[in-house]
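This structure is in structure tokens; I'll ask about it shortly.
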Amino acid sequence: MPGYWNNILYIDLTTGEIWNQEVDAWEEYIGGVGVGAYIFSKIGKEDPFSEKNPIIIMTGPLVGTAFPNTGRHEIISRSPLTNLLGESNSGGHFGYSLKRSGFDGIFIQGIAEKPSVVYIDDGDVSIADASSLWGLDVYSTQIKVKERGEYSVMSIGPAGENLVLFSSVMNDEGRAAGRTGLGAVFGSKRLKAIAVRGKKLVPLARKDEFNRLSSRVAKELIESPVVSGFRDYGSMIWMDGGQGFGDIPANYFRDHNFPYDSLSSMKFHETYVVRSYHCSSCVIGCGRSVDFHGKNVDGPEYETVAAFGPLLGNQDFEKILKWNHLVNSLGMDSISTGVLLSAVKYFIDNGMIDISLNKYFENGFERLEDLIVDIAHARGDGKDLSKGLERFAISRGIERDMIATVKGLEIPMHDPRAFKLQGLIYATSSRGADHMQGDMYQVDIGGSHEEIGIVSGDRWAVDTDERVLSAIKTQDYRQIYNSLILCYYAQPSPSEILDAFNLSTGLEKSLDDLMESGARIVNLKRRINVDLGLKMEDDYLPRIVRSPIQGEPEESGMGDDELRSLLERYYRLRGW
């Protein structure tokens, strides 16, 4: 089928065997996370660090083409952090280069005898000894791998090597597949890096029409006022917009008492020399690089600024830049790291755990860098913390409702008390607390797509079938994005996305067909998780992010009865 090569690269690191294999699921599951989950569903219940637990890296039918903002890839495996289906999504150039090399995806199994790097040269594949790279940080690894040629490089850092359960897979310098700890799966397989380059043209069913559509959509995006905000200030612009909704959590989700203007995106761009960064095929350029004390470093995303800033009670951009660069170089998820550190500080301040860790938070976080490094190496005071917030807190006797996780995954920087249906998304998401599986914080500020059932509404009056159905449709729609694969910051109309899919593949799908595929992917991931041990009680939102904040509207809170009612509506409307 056009739009695909119908060619998955299979690699067994134990035996060194390399082969190609076709897949028959494109029409039903589109690509990306959909086809990746389909392939994973055939594997069975393997331990995250088992040689049989695969790493599946997928592109989609729009990746590698001229359609704007499709330079992305998905990584799927069983998560060591949640023990459920793990998935993570990243931009940069890796997905684009992989698709142009003649592969729709990569399936990796086994455990290498020595640290290894996989090279993909326009379809030719080899495995090389990476023993000299083991122990290097992400940036140094990428530089070393590129000595062999101009590749797009995906790699892990010390955190992945040391099986930190929230370690990330980094690519193209500071782009991160950060969530669910898949860097540790790479580490367990002694897979240090994958390098890819390719120049093959992706086959398109109706090439001329597809390219005309791509040009028109690119022009619309460039002229969009929403896109201009991301272009000018990056994702950090939500530090300016989110505070008015009470959406930026502070002091470990306990309040919103923080001088947010001290960390505004405008102040950041006035203070530092900042350059924009474009992923492949991107017309936005939300990525940032910054001149920082004579070094060029990756600028932090919104989630990182909020996690290392308000959530931790820190007002200093200098520290955020330093910690962001450190966490990226070590290969750790900045969301999980920030939530974990803010929790430890809160537990200490409130006498809930031993104060021995307090030395890292004193004197303006003077020694916090030391703790971050120890976490990445799973040593000393960082050893227990390297297992993630939920395991650490439970081991210290912290009650469940004070632990800011869902299904073991740390909650991101969108407060459910600002947009209550975001809390429902967190509770029901397949990978745990997840703002990328359904972004009701965007929908309920006016981001409707009524033609596919996504309708804005009162952000606090949500306990109706109509409102819950809108959340469900939002989840379904985002599966389509993660399967095609398309960046969330690009907002073509659903009809334009449908046209791109049909013109790429030659199919004649309707919007209803496309949304049915989204629902099918949600249901497939649910079935996989049930097979992996998911219980209904795991669809839960801890009280720490749903108890109303003092001085704010009472209706922003969500009691146990309302949560139960929302979940009952959700299950009924899903047919679960």
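The values are calculated or read from the model by the stated rules, or taken from the named source; none is laboratory data. Given the structure is predicted, the values throughout are model-derived calculations rather than measurements. We place every Cβ from the backbone using ideal geometry, glycine too, and count neighbours over all the protein chains shown.
If we keep just the residues of the stretch 397-409 that are surrounded by 14 or more Cβ atoms within 10 Å (Cβ to Cβ) and among the charged types (D, E, K, R), which is farthest from residue 337 (Cα to Cα)? Walk me through how you get there before you give the answer.
Start the filter on the stretch 397-409 by keeping residues that are surrounded by 14 or more Cβ atoms within 10 Å (Cβ to Cβ), which leaves 398, 401-409.
Keeping just the survivors that are among the charged types (D, E, K, R) gives 401, 407.
Numbers: 401: 19, 407: 16 Å.
Filtering the stretch 397-409 for residues that are surrounded by 14 or more Cβ atoms within 10 Å (Cβ to Cβ) and among the charged types (D, E, K, R), the one farthest from residue 337 (Cα to Cα) comes out as 401.
Just checking, how many residues over the stretch 374-387 are part of a helix (DSSP H, G or I) and surrounded by 18 or more Cβ atoms within 10 Å (Cβ to Cβ)?
Selection size over the stretch 374-387: 4.
Another one. Looking only at residues in the stretch 561-576 that are under 14 Å from residue 467 (Cα atoms) and basic (Lys, Arg), which one is surrounded by the most Cβ atoms within 10 Å (Cβ to Cβ)?
Checking each candidate, the answer is 569.
Could I ask something else about it? Tally up the residues in the stretch 111-142 that are touching a helix residue (DSSP H, G or I) at 6+ places or on another chain (Cβ under 9 Å) and of a type outside the set (Asp, Glu), please.
The number of residues fulfilling the criteria is 15.
Report the residue count in the stretch 336-357 for those that are exposed (fewer than 14 other Cβ atoms within 10 Å of the Cβ) and either in contact with an Asp or Glu (Cβ under 9 Å, 6 or more places away or on another chain) or of a type in the set (A, V, I, L, M) (or both).
2
For the stretch 148-169, how many residues are in contact with a His (Cβ under 9 Å, 6 or more places away or on another chain) and either modelled with pLDDT under 95 or assigned to a loop (DSSP other than H, G, I, E, B) (or both)?
Total satisfying the criteria: 2.
Still on this structure: Within the group 303, 270, which residue is closer than 24 Å to residue 95 by Cβ and not polar (S, T, N, Q)? Give the steps one after another, and end with the answer.
Values: 270 fails: closer than 24 Å to residue 95 by Cβ.
After ruling out the rest, the residue left standing is 303.
If you check 185, 202, 196, which single one turns out to be in a helix (DSSP H, G or I) and among the β-branched types (Val, Ile, Thr)?
Sole residue among the options that is in a helix (DSSP H, G or I) and among the β-branched types (Val, Ile, Thr): 185.
For the stretch 543-559, which residues satisfy the criterion of being touching a residue at least 12 places away in the same chain (Cβ under 8 Å) and of a type in the set (Asp, Glu)?
Of everything in the stretch 543-559, those that are touching a residue at least 12 places away in the same chain (Cβ under 8 Å) and of a type in the set (Asp, Glu) turn out to be 552, 555.
Among the residues of the stretch 138-147, is there at least one that is assigned to a strand (DSSP E or B), out of contact with any Ser or Thr (no Cβ under 6 Å at 6 or more places or on another chain) and of a type outside the set (D, E, K, R)? Step through it out loud before you land on a result.
Here is the first cut: in the stretch 138-147, the residues assigned to a strand (DSSP E or B) are none.
Looking for residues that are assigned to a strand (DSSP E or B), out of contact with any Ser or Thr (no Cβ under 6 Å at 6 or more places or on another chain) and of a type outside the set (D, E, K, R), one finds none in the stretch 138-147, hence no.
When you check residue 560 against the structure, is it closer than 21 Å to residue 393 by Cβ and at pLDDT 95 or above, yes or no?
yes
Those residues that are aromatic (Phe, Trp, Tyr) and under 21 Å from residue 86 (Cα atoms), I need them from the stretch 369-425; list them, please.
392
Take the residues in the stretch 237-261 that are among the hydrophobic types (A, V, I, L, M, F, W, C) and in a helix (DSSP H, G or I), then tell me which one is nearest to residue 422 (Cα to Cα).
Among them, the one singled out is 245.
Tell me which of these residue 550 doesn't satisfy, since it passes every other one: (1) surrounded by fewer than 16 Cβ atoms within 10 Å (Cβ to Cβ); (2) modelled with pLDDT of 95 or more.
(2)
Among the residues in the stretch 71-83, are any hydrophobic (A, V, I, L, M, F, W, C), in a strand (DSSP E or B) and crowded, with 24+ Cβ neighbours inside 10 Å?
Keep residues of the stretch 71-83 that are hydrophobic (A, V, I, L, M, F, W, C), which gives 75-76, 81.
Adding the requirement that they be in a strand (DSSP E or B) leaves 75-76.
Among the residues that remain, those that are also crowded, with 24+ Cβ neighbours inside 10 Å are: 75-76.
Yes, the stretch 71-83 contains a residue that is hydrophobic (A, V, I, L, M, F, W, C), in a strand (DSSP E or B) and crowded, with 24+ Cβ neighbours inside 10 Å.
Name the residue, out of 126, 88, that is crowded, with 23+ Cβ neighbours inside 10 Å, of a type in the set (S, T, N, Q) and at pLDDT 95 or above.
On the way: 126 fails: crowded, with 23+ Cβ neighbours inside 10 Å.
Result of the check over 126, 88: 88.
Okay, residues lined up against (1) free of Cβ contacts under 8 Å to residues at least 60 places away in the same chain; (2) surrounded by fewer than 16 Cβ atoms within 10 Å (Cβ to Cβ); (3) assigned to a loop (DSSP other than H, G, I, E, B); (4) in contact with a Phe, Trp or Tyr (Cβ under 7 Å, 6 or more places away or on another chain):
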residue: 492; (1), (2), (3), (4): no, no, yes, no
residue: 499; (1), (2), (3), (4): no, no, no, no
residue: 512; (1), (2), (3), (4): yes, yes, no, no
residue: 518; (1), (2), (3), (4): yes, no, no, yes
residue: 524; (1), (2), (3), (4): no, no, no, yes
residue: 528; (1), (2), (3), (4): no, no, no, yes
